[in-house]
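Beneath this line is the structure, given in structure tokens, with notes to follow.
Nothing in this text is a laboratory measurement; each read-out follows from the coordinates by a stated rule. Computed from a prediction, not measured in an experiment: that's the story for all the values here. Ideal geometry is used to build each Cβ from the backbone, glycine not excepted, and the neighbour counts take in all protein chains shown.
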Amino acid sequence: MAELDRYLVEQRERFEDELCELLRIASVSTDGQHAAEIRQAGEWVAAQLRGLGLATELIDTSGNPVVYAQSAPVAGAPVVLVYGHYDVQPPDPLGEWISPPFEPTRRNGNLYARGATDDKGQMLTHIKSAEAWIRTVGRLPVQLKFLIEGEEEVGSRGVTDLIGQEAERLACDVVVISDSCQFGPGQPAITYGLKGLAYFELRLTGPRQDLHSGTFGGAVTNPANGLTRMLASLINDVGRVQVPGFYDDVVPLSDRERQQFASLPFDESVFMQRLGVQGLAGEQGYTTLERRWARPTFDINGIWGGYQGAGSKTVLPARAGAKFSFRLVPDQDPDKIRRALREHLEPLCPPGIQMELIDMHGARGIVVPLDSPFMQAAATAIEQGFGRPPVFIREGGSIPIVNVFHELLGVDTLLLGWGQDDDNTHSPNEKFSLADFHRGIRTSAHLWHALGKIEVEQRA
Ligand code: BES
Ligand code: ZN
């Protein structure tokens, strides 16, 4: 591994420059306005993999193109599927960026750009580690199958279809994803649990058009009043979701897991300071880490209705609405929650208002087994790459494709996050630590080695 580590040190600057190239492509998947950049980013990733001599395709799907590439089989060694995404979230609000979102800029050891950590920078670490093996040793110690998609941020539809159709070609022993965080600066982690999601939009329509709130208020139901009452009914003041049956299937936290969370060096005051908040709240009876990682939650993601401009306008709006979501934990079923939510909300819709409840994303939460030889290999590689053994954590974010890999390919995923939770993912001034970028590449190179030593049965 010495020659390999040397190669990684020598190539640092070029790796950073290449990441910058990818970050300059505004591959926003949210609204279909960036189809050209989406394809361009897919092509950029495909060219990288093709350049390593891997059999590479840019596959058109029902959604955005998916990059697929594979290296040669290695007898007796595991087949490892690397998943990542080249699409990014929209950069708005633009005015809050210190440097423009698609002009990657180095500042204080970080690279600032939309997608720096989520997920272009993290994804690229695995391509660069493969490059290092191929350019120094001349081959990889495991067979790698890269599956890099372009619509993770909007639900992964195309790639999910593709996994169903191509299950045989994608057959593997384990999946590796770097699209999450470390526990903190200097403390790498392996994530063994993610939350699921049930996402909705609620639209309320009242009178034909906006009305004078003096002339008509008190007689005509105000959709914005109705909306706030309906939303307020979803959670009580000790943080418990009020949809009937919501907690029925929740797997409770075990005493062991609670102790393990409590043993992590988490400082609540530092956490509050970093976020600029003076207090924390959530479901009563649980610690902050328990709420963030292992308890289901409810959040309004957007809300609108009525006058938003300067000054006051006495208006009774004709329409109001909100986007909101529940983060789920094992074994909650998003379909069951959808049905229960509809049954709960319909009777609460006030007279004179029409409601439309739109189902958006749904995914189950997951917990992956900690006792596999693959986990062990990942822990070893992290210790080599970061100089410190990982802690085992759960996360509140969702990567719904992890369920798809489990259901359609029958394999578990190693969630090896190189990011930090203050990387500003989905928000202005997204960043990725350049030191963590290089540590991630080094860890990945060591991971292929450690995984290569695990014996697996030959595939038919
Ligand atoms: N990388 C995140 C998921 C994530 C965030 C994992 C933090 C662990 C910690 C991913 O790109 C993402 O944002 N996923 C969405 C999924 C949704 C659109 C279905 C999310 O969690 O909101
Ligand atoms: Zn994301």
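Segment 124-184 has equivalent-ellipsoid semi-axes of 24, 18, 10 Å, by the square roots of 5 times the alpha carbon gyration tensor eigenvalues, sorted largest first. Axis angle, to the nearest 10 degrees, between helix 35-51 and the longest C-alpha principal axis of the chain: 20 degrees. Counting other Cβ atoms within 10 Å as a rough exposure proxy, the listed residues Arg6, Arg24, Arg295 run Arg6, Arg24, Arg295 from fewest neighbours to most.
Spatially close Lys pairs in the chain, defined by Cα atoms under 30 Å apart and a spacing of eight or more places or different chains, total 19.
Cβ crowding within 10 Å, taken as a proxy for footprinting-reagent exposure, orders Met375, Met230, Met123, Met1 from fewest neighbours to most as Met1, Met375, Met230, Met123. The label-point distance for Gln187 and Glu407, in a model that sets each label 7 Å from Cα toward Cβ, rounds to 3.5 nm.
Sketch the reach of a paramagnetic label on Arg208 as a point 7 Å from Cα along Cα-to-Cβ, and name the residues of segment 220-242 whose backbone nitrogen lies under 17 Å away. So the set is 220-221. Computed with the Debye formula from one identical point scatterer per Cα of segment 338-389, without solvent, the log10 of I(q)/I(0) at q = 0.17, 0.29 Å⁻¹ comes to -0.69, -1.09.
The loop-placed chymotrypsin sites (Phe, Trp or Tyr not before Pro) in segment 299-374, going by DSSP, that have at most 16 neighbouring Cβ atoms within 10 Å of their Cβ come out as Tyr307.
Kirkwood radius for the chain, taken over all pairs of different Cα atoms as the inverse mean of 1/r, rounds to 23.7 Å. As a size descriptor, the averaged projected area of the C-alpha convex hull of segment 90-146 was calculated at 5.4 nm². Between Leu94 and Thr314, the simple spin-label model (points 7 angstrom out along Cα→Cβ) gives 3.9 nm. Size estimate for segment 27-78 follows the Kirkwood approach: the inverse of mean 1/r over distinct Cα pairs works out to 12.3 Å.
Seen from every direction in turn and averaged, the convex hull around the alpha carbons of segment 49-137 projects onto 8.3 nm².
Taking 0.890 mPa s as the viscosity and 25 °C as the temperature, the Stokes-Einstein diffusion coefficient of segment 315-370 based on its alpha-carbon Kirkwood radius rounds to 178 µm²/s. Seen from a random direction on average, the alpha-carbon convex hull of segment 317-406 projects onto 9.1 square nanometres. The shape of segment 230-314 comes out oblate: with a ≥ b ≥ c from the C-alpha gyration tensor, a/c is at least 1.5 while a/b does not beat b/c.
Normalised by residue count, segment 266-415 yields a Cα convex hull volume of 203 Å³ per residue. Karplus-derived 3J(HN,Hα) values for segment 96-106, using 6.51 cos²θ - 1.76 cosθ + 1.60 with θ = phi - 60°, are 8, 7, 6, 10, x, x, 10, 10, x, 9, 8 Hz; glycine and proline are entered as x.
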